[in-house]
Amino acid sequence: MEEIMMKHDALRNYDYHLWANERVFERLQEVPQEICEQEVPSVFPTIAKTLNHMLLTDYVWLLAMQGGSYETVGKVVGQLSSETAGKSVTELREKFHELAGKFKDFFQQIDLEATAPYSHPQMGTIHARYCDIVQHVVNHGTYHRGNISAMLRQLGHAGASSDYIYYLFEVLPKEK
């Protein structure tokens with residue numbers, strides 16, 4: 001318990017994000033693979049495209065936290081989008097794992113309470129703490145994991161249980 005509770009909130013939340021993504025991937029392994037490509041009226045047309053969007057957006061924010069300009073991030077993520085289009089859920093899962101390693105390496109190099117500039121051509125420039133951007137990444141993932149659960153239900157399958165409380169019950173010690 002001490003180890004997880006002593007972590008910075010942003011790191012604990014990012015661990016939850018990874019855990020919750022894994023719950024979704026585990027659930028998707030249990031359904032027929034064609035379900036992930038079946039079109040559903042939702043935020044994204046398929047589960048696979050929702051996962052791809054989540055992956056690309058996580059990359060956007062890692063690159064932005066690393067100091068990439070709006071233009072540079074757009075080019076890198078555009079290239080990555082071409083590379084990941086049409087990938088299977090298994091291949092996307094591998095990409096999520098690779099990206100998690102990059103996030104963790106980056107976290108070791110920074111003070112999560114420090115601020116960095118983030119510029120957008122229409123919205124201007126803000127200076128936000130790294131931990132606030134990590135919170136955004138986690139919130140964005142939660143939103144789309146909910147989309148995936150709803151899509152699975154529309155297709156006749158149960159969604160993944162990825163609520164934060166389930167994470168806590170898994171990672172915190174329990175009294176006997």
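Here, each number is a calculation from the coordinates, and none is a lab measurement. None of the values given here were measured: they were computed from a predicted structure. Note that we place each Cβ from the backbone using ideal geometry, even for glycine, and neighbour counts take in every protein chain shown.
Conditions (1) farther than 28 Å from Pro117 by Cβ; (2) without any contact (Cβ under 8 Å) to a residue 60 or more places away in the chain, marked per residue:
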{"residue": "Ile35", "(1), (2)": "yes, no"}
{"residue": "Val40", "(1), (2)": "yes, no"}
{"residue": "Phe44", "(1), (2)": "yes, no"}
{"residue": "Leu51", "(1), (2)": "yes, no"}
{"residue": "Asp58", "(1), (2)": "no, no"}
{"residue": "Trp61", "(1), (2)": "no, no"}
{"residue": "Met65", "(1), (2)": "no, no"}
{"residue": "Tyr70", "(1), (2)": "no, yes"}
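Looking at Lys102, is it closer than 16 Å to Met54 by Cα, surrounded by 12 or more Cβ atoms within 10 Å (Cβ to Cβ), under 18 Å from the mean Cα position of the chain (by Cα) and in contact (Cβ under 8 Å) with a residue 40 or more places away in the chain? Don't jump to the end; show me each part of the working.
Details: closer than 16 Å to Met54 by Cα: yes; surrounded by 12 or more Cβ atoms within 10 Å (Cβ to Cβ): yes; under 18 Å from the mean Cα position of the chain (by Cα): yes; in contact (Cβ under 8 Å) with a residue 40 or more places away in the chain: yes.
Yes, satisfied.
Please go through the range 42-71 and pick out each residue that is touching a helix residue (DSSP H, G or I) at 6+ places or on another chain (Cβ under 8 Å), surrounded by fewer than 15 Cβ atoms within 10 Å (Cβ to Cβ) and either of a type in the set (A, V, I, L, M) or farther than 24 Å from His17 by Cβ (or both).
Residues satisfying the conditions do not exist here.
Can you pull out the residues in the range 126-176 that are of a type in the set (D, E, K, R) and more than 17 Å from the chain's Cα centre (by Cα)? I'd like the intermediate steps shown before the answer.
Initial filter on the range 126-176 (of a type in the set (D, E, K, R)): 129, 132, 145, 153, 163, 170, 174-176.
Within the range 126-176, Arg129, Arg153, Glu170, Lys174, Glu175, Lys176 qualify.
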